[in-house]
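Structure first, commentary second.
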Amino acid sequence: MNFTGGLLPRKVEDPARGNRRPVLSKGSSKILYSLPQDDILLAEFRPEVGVDGKKVFRIKNRPKIAVELQAFIFAYLETYQIPTHFFSQNGGELFVKRLNIIPVEVTVRNLASQSFVKRFKHFKAKQQLEFPIFEYILRDERGEFFVTETHLYAMQILTSDEFRTINRLASKINAVMKSFLERRGLTLVDISMQFGKYKGTIMLGDEISPENITAIDNATGEEISVASARDSREASRNYQFVYDHILPSVQRSAMSLKRKA
């Protein structure tokens, strides 16, 4: 499938270009900057990645790699009518829509990962699940907590219709990414997503990257995960491995030439 629309830079007014921009939020892995257009933000990826609130890895070349990956993956998902917060890419800059973030991470599991079997002894590592498992983690200032849909209703975080919309999108994203990675020699074990609202529409936010997917290299059977890496060196290797499979060097060169044209 060919697509270019999401990769072509759209005009974004930024009189602060080259100067200091106002910081909207600063996390462990990226910084969001405000722009004159209130509903558009500039995302700057940092070399560091925080994992489980405990570990911090420094990923080689992450700021550059992350921009290329997000622009490609979000544009790809949008060809399947999946709404995302992606606005445009301009060289090493990624512009995204300003979402009202829903503080719930949704994880869809297709196989049992090594970290998953530590919690559930019913499964063996790499076991194919009879039915995809959906998990929900609420994140707030006190930490991270597994919740059910009824928790979310009681706390008025989501309505039943909004919950169904998020589940439908998560299921579709999982299916699209599973098929996409399979064609590139990887089996999708699990994928984590975060959603938000933009002008009343629920859409995919944050990022889809080697940080929030677990995959198996079909050639070796090795589980590839940044989150479960032992150190920054292993995390960087796994990050680069997934990047090279999603965006092979030939495809990256073609995209670069297209943007210059």
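The values are calculated or read from the model by the stated rules, or taken from the named source; none is laboratory data. Just so you know, these numbers come straight off a predicted model, no measurement behind them. Using ideal geometry, Cβ is built from the backbone for each residue, glycine included, and neighbour counts are taken over all protein chains shown.
Tabulated values for the structure
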| item | result |
| --- | --- |
| Qualifying residue in segment 41-53 (condition: of a type outside the set (Lys, Arg), without any contact (Cβ under 8 Å) to a residue 60 or more places away in the chain and part of a helix (DSSP H, G or I)) | no |
| Test: residue in segment 92-108 that is more than 28 Å from residue 24 (Cα to Cα) and either touching a Ser or Thr at 6+ places or on another chain (Cβ under 6 Å) or assigned to a strand (DSSP E or B) (or both) | yes |
| Top-ranked residue of segment 202-224 - restricted to ones that are touching a residue at least 60 places away in the same chain (Cβ under 8 Å) and β-branched (Val, Ile, Thr), ranked as farthest from residue 45 (Cα to Cα) | 216 |
| In segment 128-149, the residues that are assigned to a loop (DSSP other than H, G, I, E, B) and at pLDDT 95 or above | 148 |
| Which numbered condition residue 98 misses (of (1) surrounded by 14 or more Cβ atoms within 10 Å (Cβ to Cβ); (2) out of contact with any Leu (no Cβ under 6 Å at 6 or more places or on another chain); (3) within 22 Å of residue 205 (Cβ to Cβ)) | (2) |
| Filter result for residue 161 (free of Cβ contacts under 8 Å to residues at least 60 places away in the same chain, outside the structural domain of residue 86 (by TED's automatic domain parsing), closer than 27 Å to residue 42 by Cα and surrounded by fewer than 16 Cβ atoms within 10 Å (Cβ to Cβ)) | no |
| Options 152, 158, 188: the member that is in contact with a Leu (Cβ under 6 Å, 6 or more places away or on another chain), in a loop (DSSP other than H, G, I, E, B), at pLDDT 95 or above and not acidic (Asp, Glu) | 158 |
| Among (1) closer than 30 Å to residue 24 by Cα; (2) at pLDDT below 95; (3) part of a loop (DSSP other than H, G, I, E, B), the one test that residue 121 misses | (1) |
| Count - residues of segment 194-235 that are in a loop (DSSP other than H, G, I, E, B) and either within 22 Å of residue 52 (Cβ to Cβ) or aromatic (Phe, Trp, Tyr) (or both) | 16 |
| Tally of residues being closer than 14 Å to residue 79 by Cβ and surrounded by 15 or more Cβ atoms within 10 Å (Cβ to Cβ) across segment 176-188 | 3 |
| Identity of the residue in segment 54-66, in a strand (DSSP E or B) and either among the small types (Gly, Ala, Ser) or surrounded by 14 or more Cβ atoms within 10 Å (Cβ to Cβ) (or both), that ends up modelled with the lowest pLDDT | 55 |
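Okay, residues lined up against (1) more than 19 Å from residue 242 (Cα to Cα); (2) modelled with pLDDT under 90; (3) surrounded by fewer than 20 Cβ atoms within 10 Å (Cβ to Cβ):
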site	(1), (2), (3)
48	no, no, yes
71	no, no, no
92	yes, yes, yes
105	yes, no, yes
